[in-house]
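The values are calculated or read from the model by the stated rules, or taken from the named source; none is laboratory data. Note that the structure is a prediction, hence the values are computed from the model and not measured. Reconstructed Cβ throughout: ideal geometry from the backbone, glycine too, with neighbour counts over all protein chains shown.
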Amino acid sequence: MDRCVVLVDAGYLLGAAASLLAGDPSRSRVTVDHTALITALRERAEAETGLPLLRIYWFDAAPDRRPMPEHRRLRVLPRVTVRLGALTRAEGRWVQKGVDAAMHAELSELARNRACADVVLITGDGDLLPGMMTAKEHGVAVHLWALQAADGDFNQSEDLVGEADERRVLDREWIEGSFSLRESSSVFPVPGSGAARQEIAKILSAPPATALPTVVPPVVRPVAAEAAPEAPAVNGRPQPAAALRVVPTPKDLAGRVSAAASAAPVANGHANGHANGHLAAGPVLRWSSDRGWVDRPAPELPVTAGDGLPTLAQLTTAEQRWADREEDITSIGGDAHEVGQVFARRWTDRLGDVERLTVLWPDYPRIPHRVDGELLRYAARFGLLAHKDDQIDEHDRYAIRAGFWKELAARVPGGSMVVDD
């Protein structure tokens, strides 16, 4: 039948909207204008499918499956049907039961009965994949809608994304048409508000506080036997009281050395505590192993100039992460050489000043350690590194890195003289 149906996973819709607007997935952080929301869903579904709406199914959970006030408001709206699962308490948090199963059953039943030609799914749960496949087998076109994610990453199952016939993203502007932040009675100002800006201005304009001298608290060691608790008698004879032993923590020791070093007088232009040109040894943190006490290695310093360059993750915004994931799913074939080129292209584009990358050429073909690890983790999204024996395929590694260098050579000055095709 030439009509469309909308199936809404309320937990996903409300939680994702709260995450985007309030930075917290708790549904209590937002207020919903249900009439405006249902109207917006209907208008958008009819516009995108080109078909009149049959019905909007709202799937949610409630304690004992008893409708909450919001469910009562929804079910009296035109063309809206509310289906409730159970909301139960498990391990200190609320858990939905039966919502996914109800959505799967409704989707399959609508398709089998040919009640509609197009179905709009608003959900992120991969458990609906079998129902989506069943609907497609019965000739129903499936439209998958997502809400813009707060962190820029996907908030939907990639299996659902790959199986859907059409996919759309409901952006912040659309969401703000029906959702708003709930007013809080907190004494702290809401970030971004005028009150918050005034408080921040006060803090910034305040004179700096007088620095207090760092005082290392002494370690208390009771030495007097009278201060220690009296030990019980054994065989009628009183036992000597054991002195309480307090062992300083590594933090205490480090604080003592810092205080002593700052207070040490300077002689001949050098602070006391030097011996043969070396600083006197202070407390060293160690840990136990099967080889005995092992010194903690010194922090690793950058080996080359390239190790000081920012990684792709540091250069990528939340919006760019979303766009990257979308491109990976829809446009990138997954060839090892191509994956390396895509990574290098994004890195150079976001770094901006490609002249900074010329420091890589003296160390070719070595890729900076952090960037190399990030490159291989990115390649793992495409299944290039995972094999049956859980071993990394060296051929794929070489191809990924070769693609990385080839793309850099085409973009960074001097690369064509270093990188061989």
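Go through (1) modelled with pLDDT under 95; (2) more than 29 Å from the chain's Cα centre (by Cα) and name the single condition residue 81 misses.
Tallying (1) modelled with pLDDT under 95; (2) more than 29 Å from the chain's Cα centre (by Cα), residue 81 fails exactly one: (1).
Could you tell me which numbered condition residue 108 fails, if it satisfies all but one of (1) over 22 Å from residue 34 (Cβ atoms); (2) of a type outside the set (Lys, Arg); (3) outside any helix (DSSP H, G or I)?
Condition not satisfied by residue 108: (3).
Hey, could you check region 343-366 for residues that are surrounded by 15 or more Cβ atoms within 10 Å (Cβ to Cβ) and in contact (Cβ under 8 Å) with a residue 60 or more places away in the chain and say which is nearest to residue 412 (Cα to Cα)?
348
If residue 118 satisfies all but one of (1) buried (at least 19 other Cβ atoms within 10 Å of the Cβ); (2) among the charged types (D, E, K, R); (3) closer than 14 Å to residue 9 by Cα, what's the number of the condition it fails?
For residue 118, the exception is condition (3).
Can you find, within region 144-168, the residue that is modelled with the highest pLDDT among those that are loosely packed, with under 14 Cβ neighbours inside 10 Å and under 18 Å from residue 15 (Cα atoms)?
151
Each row is one residue, and each column tells you yes or no for (1) assigned by TED's automatic domain parsing to the domain that holds residue 128; (2) exposed (fewer than 15 other Cβ atoms within 10 Å of the Cβ); (3) more than 29 Å from residue 137 (Cβ to Cβ).
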site	(1), (2), (3)
21	yes, no, yes
31	yes, yes, yes
53	yes, no, no
82	yes, no, no
100	yes, no, no
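It is to be established whether one or more residues within region 104-116 are under 31 Å from the mean Cα position of the chain (by Cα) and more than 22 Å from residue 66 (Cβ to Cβ).
yes
Can you name the residue in region 367-405 that is surrounded by fewer than 18 Cβ atoms within 10 Å (Cβ to Cβ) and among the basic types (Lys, Arg) and is also modelled with the highest pLDDT among such residues?
Here the answer is 377.
Do you know which residues across region 133-161 are touching a residue at least 60 places away in the same chain (Cβ under 8 Å) and in contact with a helix residue (DSSP H, G or I) (Cβ under 7 Å, 6 or more places away or on another chain)?
143, 147, 148, 149, 150, 151, 152, 153, 154, 155, 158, 161
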